Protein chains: 2
Amino acid sequence: MLTFIGLGLFDEYDVSVRGLDAIKSADTVFLEVYTSVLMGAPIERLEAFYGKKITPLYREDVEIHADKILDAAEFGNAVFLTAGDSMVATTHSDLRIRAADRNIPTTIIHGASITTAVCGLSGLQNYRFGKSVSVPFPYGKWFPMTPIEVISANLKENLHTLVFLDIQKDKERYMKISEAVDLLEEQARRVDAGIPLYVGIARAGSPEPTVHAGNAEEMKAFDFGSPLHILIVPATLHEIEREYLERFAGLC
Amino acid sequence: MLTFIGLGLFDEYDVSVRGLDAIKSADTVFLEVYTSVLMGAPIERLEAFYGKKITPLYREDVEIHADKILDAAEFGNAVFLTAGDSMVATTHSDLRIRAADRNIPTTIIHGASITTAVCGLSGLQNYRFGKSVSVPFPYGKWFPMTPIEVISANLKENLHTLVFLDIQKDKERYMKISEAVDLLEEQARRVDAGIPLYVGIARAGSPEPTVHAGNAEEMKAFDFGSPLHILIVPATLHEIEREYLERFAGLC
């Protein structure tokens, strides 16, 4: 039996009661540590909270040497933990398919995800978001223009864009809002586009999230504090969205 | 103090540990019962689980007579519960603004949402979804065409569409997948469009969700069981998305 469990957004208290029960009754607990991270709870904190030893999984453990996971799931009760909601990444879909290949029953226990958390924190309405996009760290001469293309297409349709910022977990390198704004402004300059307003969110799901709205200069000057950071490029604001951002995100 | 708490998808066990702690230490517990519903847990079950009396809130309690909520939050610790993630609906944004007007501190504790749960259940990748849309029950001569317009625009950009089905909570009327497919097929007929593939999901987040993929005829013939139901209209499938739907959603 293999149960995929989403741990939610920030620390050990964000898992659901259903998820916690499943972890506590598991024979083997795996934690995926390469696509996402619970910033508020290092692995030792999770182990103490669950009363269980946790096996961390790096990319090659899931994508190449998955037999360790599947063996544990075939002969016992294994849980596969990820930050956020579970099964959002393709690599986890593939693991579930390989479990089915071996006739191992699988289930999913969902967790809170940044994708909807940003709606509550910003007041920007869920149904007004278009396709989302990621901003990667540039590498040598590689400077992808996809983010500004997606943002421009969404703005043209009057849709908000959720912009994920790069996480290089192995280097403990988490893109900051100021870095992402620099990259987006450079992309916008190259295609002669403009981004009039940003909403930045830091530490979503924690007891002290930070939300701030403004233009590029304001975003770069504002201190968002420690990671994780994420950005929204809003379309034309509805009245209640504007009022919410004025109240809770310092929009002038 | 007013804390907005998302209860997750199905029953009393889907709240986060952080959320449950906040409910247990609250002076007043409100449950919003008009935009969404936990199908697996009637209010009495929640009360027994929390060890607290719950005050149900109908639309007019939140949108017109919110003082009852705000008084409780000004003079004590009040929690405002919703199914799914919290603060996704505009009416809740407005309540948070009115709390701020009275200098009442507010926080949000997030829960799992159908918006990302569908990704894990269907294997359709989160970043490939465009704007979402709702299918309302037709009323008299009112027959909105928005759903097919949004679906067609997304398909043109090769993006998936998440299609929310109408909930008329006061009448305990929950739109079924077969009803929604009938409405979408009629809309498609009127604009000479075609929807080649649907993915239907019932009881997401419950221990026994049902996921099935197929064309309109197959969807209407398939028994999805009890509500809540939701639909996805997928764009061209990536290889791993197709394999996942073949494995877990009976795609032929």
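The values are calculated or read from the model by the stated rules, or taken from the named source; none is laboratory data. Just so you know, these numbers come straight off a predicted model, no measurement behind them. Please note: Cβ atoms are built from the backbone with ideal geometry, for glycine as well, and neighbour counts cover all protein chains shown. Note: areas computed on protein heavy atoms with side chains; ligands, DNA, RNA excluded. Shrake-Rupley method; radii C 1.70, N 1.55, O 1.52, S 1.80 Å.
Ranking request for peptides B:176-183, B:15-22, B:245-252: highest mean number of other beta-carbon atoms within 10 Å first, then the rest in descending order. Please list the in-between numbers first.
Numbers: B:176-183: 19.8, B:15-22: 22.8, B:245-252: 16.9.
Per-residue Cβ counts within 10 Å, averaged per peptide and sorted highest first, yield B:15-22, B:176-183, B:245-252.
Once you've got the GNM for chain A with C-alpha springs shorter than 10 Å, pick whichever of A:Met145, A:Met87, A:Met175 has the biggest mean-square fluctuation.
Comparing A:Met145, A:Met87, A:Met175 in a Gaussian network model of chain A, the most mobile one is A:Met145.
Semi-axes, largest first, in whole Å: what does sqrt of 5 times each Cα gyration tensor eigenvalue give for the range A:203-252?
Working: eigenvalues 72, 37, 20 Å².
Semi-axes, largest first: 19, 14, 10 Å.
Going 7 Å from Cα along the Cα-Cβ axis for the label, what nanometre distances separate B:Asp71 from the same residue across the other copies?
Here the equivalent label points are 6.5 nm apart from this one.
Report the full-extension gain for the segment A:Lys53 to A:Thr146: residue separation times 0.36 nm, less the Cα-Cα distance, to one decimal in nm.
In short, 29.4 nm is gained.
Number of Lys pairs in chain A with C-alpha atoms less than 19 angstrom apart, excluding same-chain neighbours closer than eight positions? Intermediate values should be presented prior to the final figure.
Numbers: A:Lys24/A:Lys52; A:Lys24/A:Lys53; A:Lys52/A:Lys68; A:Lys53/A:Lys68; A:Lys131/A:Lys156; A:Lys176/A:Lys220.
Close lysine pairs under the 19 Å cut-off: 6.
Residues in the range A:127-158, backbone N under 14 Å from the label point at A:Arg173 (7 Å along the Cα-to-beta-carbon vector): list them, ranges by number please.
Counting backbone N atoms under 14 Å from the label point, the list is A:136-143.
Please report the Cα spread of the range A:139-224 along all three principal axes, rounded to whole Å, starting with the longest.
38, 31, 22
Taking beta carbons within 10 Å but only from partner chains, what does the mean come to for residues A:93-106?
On the way: counts 13, 4, 0, 5, 7, 0, 1, 4, 1, 0, 0, 0, 0, 2.
Whole-number average of other-chain Cβ neighbours for A:93-106 is 3.
Per the Debye formula with a single identical scatterer at each Cα and no solvent contribution, what log10 I(q)/I(0) holds for the protein assembly as shown at q = 0.08, 0.10, 0.11 Å⁻¹?
The Cα Debye sum returns log10 ratios of -0.48, -0.77, -0.96.
Pick out which of A:Pro227, A:Pro144, A:Pro207 has the largest mean-square fluctuation in a Gaussian network model of chain A, springs linking Cα atoms closer than 10 Å.
Per the Cα network of chain A with a 10 Å cutoff, A:Pro207 tops the list.
With the label 7 angstrom out along Cα to Cβ, how close does A:Arg189 come to the same site in each of the other copies, in nm, nearest first?
The answer, with the shortest distance listed first, is 5.7 nm.
Peptide B:127-135: average number of partner chain Cβ atoms within 10 Å per residue? Display every interim value, and only then the final one.
Values: counts 11, 2, 5, 8, 10, 5, 1, 1, 0.
That works out to 5 on average.
Counting only DSSP beta bridges with both residues in the protein assembly as shown, what percent are antiparallel, rounded to the nearest 5? Walk me through the numbers before you get to the answer.
On the way: 35 of 77 bridges.
Just about 45 percent of them are antiparallel.
Excluding A:Ser25 itself, calculate the net charge of residues whose Cβ lies under 13 Å from the Cβ of A:Ser25, where each Lys or Arg counts +1 and each Asp or Glu counts -1. Please report the intermediate quantities before stating the final value.
Numbers: positive: A:Arg18, A:Lys24, A:Lys52; negative: A:Asp21, A:Asp27.
So the environment of A:Ser25 carries a net charge of +1.
Find the accessible area per residue for the protein assembly as shown; the probe is 1.4 Å, ligands and nucleic acids are left out, and the unit is Å².
About 42 Å² of surface per residue is accessible.
Label A:Ser25 and B:Asp166 with points 7 Å out from Cα along Cα→Cβ: what is the distance between them in nm?
In this crude spin-label approximation the distance works out to 4.0 nm.
If we hang a label 7 Å off Cα along the beta carbon direction at A:Arg45, how far is it from the matching labels on the other copies, in nm, shortest first?
Between copies, matching label points for A:Arg45 lie 3.2 nm apart.
Counting each pair of different Cα atoms once, what's the Kirkwood radius of chain A in Å, rounded to one decimal? Working shown, then result.
Details: mean 1/r = 0.0517 Å⁻¹.
The Cα-based Kirkwood calculation yields 19.4 Å.
In peptide A:82-91, how many Cβ atoms from other protein chains are near each Cβ within 10 Å, on average?
Values: counts 1, 0, 3, 8, 5, 9, 7, 5, 9, 1.
Taking the mean over all residues of the peptide, I get 5.
Note the buried accessible area between B and A here, summed over both chains, with a 1.4 Å probe, in Å² to the nearest 100.
On the way: alone 12700 and 12690 Å², together 21000 Å².
Rounded to the nearest hundred, the buried surface is 4400 Å².
Got the relative contact order for chain B handy, in percent, Cα pairs under 8 Å and 6 or more residues apart? Each step should come with its number before you reach the end.
Numbers: 467 pairs, mean separation 51.5, N = 252.
This gives 20 percent for chain B.
Mind giving me the FRET efficiency for A:Phe137 and A:Lys68? R0 is 35 Å, r the Cβ-Cβ distance, nearest 0.05 is fine.
Values: r = 30 Å, r/R0 = 0.87.
Between A:Phe137 and A:Lys68 the formula returns 0.70.
Express the carbon and sulfur contribution to the solvent-accessible surface of the range A:140-252 as a percent, rounded to the nearest whole number, probe 1.4 angstrom. The partial results should precede the final answer.
Values: 2670 of 5630 Å².
Its accessible area is 47 percent carbon and sulfur atoms.
Mind checking which of A:Asp223, A:Asp14, A:Asp101 has the largest fluctuation in a GNM of chain A, springs on alpha carbons under 10 Å?
So, out of A:Asp223, A:Asp14, A:Asp101, the one fluctuating most is A:Asp101.
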